[in-house]
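First up is the structure itself, then whatever we jot down about it.
The values are calculated or read from the model by the stated rules, or taken from the named source; none is laboratory data. Please read these numbers as outputs of a predicted model, since none were measured by experiment. Backbone-built Cβ (ideal geometry, glycine too); neighbour counts: all protein chains shown.
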Amino acid sequence: MTGIGVTWDQASARRLLRAGLAVPLSGEAATGEATAREAATDAVTATVGAMAGAHAQVMSAAEVSVAIRTDGAVGADVRAALWETRSLVKTYGPRGTVHLLPTADLPAWLGALSALPGNPNRHADGVRLSTEQETAVVDAVGAALADGDTLTAEELDLAVTERCGAWAADLVMPAFQGFWPRWRQAISVAAHRGALSFGPNRGRKTTYTSPGVTPLAAEAGLAFVVRSYLTAYGPATPAHFAKWLGGTATWAAKVFDDLGDAVTPVTFEGAPAYVAAGDTEFPDASPRGVRLLPYFDAYGVAGQPRDLLFPGRAAERALNRGQAGNFPLLLVDGVVAGVWHQKKSGRKTAVTVETLADLGDDQLTELYAQVDRIGEIVDARPALTVGPVTAGPHA
């Protein structure tokens, strides 16, 4: 493999810039007919695209993750993009986890996600679905939601069981303090095949609906998602991409090989890696800035090599058994330098930041500005405490 040589500082500086973490992203200029709300939702949607998706298992964290990267945005703008203008969709994305994705990009995403190799089903005998049963579940979900209905999980349980038979309803899936019906182990597969996405909550109940799109062919979908990932987080290896998307390293190596000239080889910290085709310009300046990233933020989850992003004590304090995302991150000059936690009560939010090294005066000023920005996003008056974070990792 040949190509230009890229250092960690160069890659980190470019990732921060493209993620809206060096300078907040502003989106395209609104047309004269666009309302302020439409302009705001367009901007946050563009940010989600630049992030290659935003993790949304914890929706409040997703709102912070997207809004803090978007000039002037608040959590309500993210919710409006999802449920009012519908320019974002909430569905099962990389690694089978809940994500926000731009609605316009959903066919490409589904094409790529549907192309993931079937992972070994880790459920025990008597619990796991056969291939035929999984296909039947996906077809049943699609049929139940085909008319644009929005169903709660319990309503979908009944609809799937009616179409598949009693085996689909067997309470064999361990979940929280009880058990879920057998069919639900295929819910992310149904999403990846375009049968299902999330609808707005009905009170406290989760709902599902049809996304109303057809997945692109696997080749086109994978080309789009690889380009999105490399543009946001490159240089990267096929193994990095596989870890992020949820495939295997062997499968991803073939995907990159099949892409041919759509990816460009480089060396990254002396090792072979790739960028998107021709995307070889990197900043000369070193990464700078103090940023607060919430639970499951895409930057900490997708950024590789992990030992450079989480150097030294950061790996011990900010990773959970090697897994990123379970702690909110303090990012200083492009690397993880601590953790933080917020507790909202009414119109106030208490923010505690635990640093792994002393911050200089300018860095403390930036930290206070970040805390103020968090307050704007969550619509609460913030108060900062610099000290130990006692909250454990998020499940």
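Here region 323-360 is the region considered, the condition is being on the phi > 0 side of the Ramachandran plot, in a loop (DSSP other than H, G, I, E, B) and out of contact with any helix residue (DSSP H, G or I) (no Cβ under 6 Å at 6 or more places or on another chain), and the residue that is surrounded by the most Cβ atoms within 10 Å (Cβ to Cβ) is 333. Give region 47-58 a look and list any residue that's modelled with pLDDT of 95 or more and either surrounded by 24 or more Cβ atoms within 10 Å (Cβ to Cβ) or over 19 Å from residue 373 (Cβ atoms) (or both), or say none. Matches in region 47-58: 47, 48, 49, 51, 52, 53, 54, 55, 56. Cβ-Cβ distances below 7 Å connect the following pairs, each with a first residue in region 186-211 that is within 17 Å of residue 137 (Cβ to Cβ), a second residue that is in a strand (DSSP E or B) and among the basic types (Lys, Arg), and a separation of six or more residues or different chains: 197/90.
When residue 28 is tested against (1) part of a helix (DSSP H, G or I); (2) surrounded by fewer than 20 Cβ atoms within 10 Å (Cβ to Cβ); (3) modelled with pLDDT under 95, just one condition goes unmet, and that condition is (1). In region 166-198, of all residues being over 15 Å from residue 111 (Cα atoms) and of a type in the set (Val, Ile, Thr), the one that is surrounded by the fewest Cβ atoms within 10 Å (Cβ to Cβ) corresponds to 172. Considering only residues in region 298-322 that are within 20 Å of residue 388 (Cα to Cα) and small (Gly, Ala, Ser), the one that is surrounded by the fewest Cβ atoms within 10 Å (Cβ to Cβ) turns out to be 312. Once region 283-297 is narrowed to residues that are among the aliphatic types (A, V, I, L, M) and surrounded by 16 or more Cβ atoms within 10 Å (Cβ to Cβ), the residue that is nearest to the chain's Cα centre (by Cα) is 293. Residue 55 meets the conditions (1) touching a residue at least 24 places away in the same chain (Cβ under 8 Å); (2) at positive phi in every case but one. The failed one is (2). Per the conditions (1) touching a Phe, Trp or Tyr at 6+ places or on another chain (Cβ under 7 Å); (2) farther than 17 Å from residue 5 by Cα, the sole criterion not satisfied by residue 236 is (2). For region 366-390, the set of residues classified as under 17 Å from residue 76 (Cβ atoms), touching a Lys or Arg at 6+ places or on another chain (Cβ under 7 Å) and touching a residue at least 60 places away in the same chain (Cβ under 8 Å) consists of 378 only.
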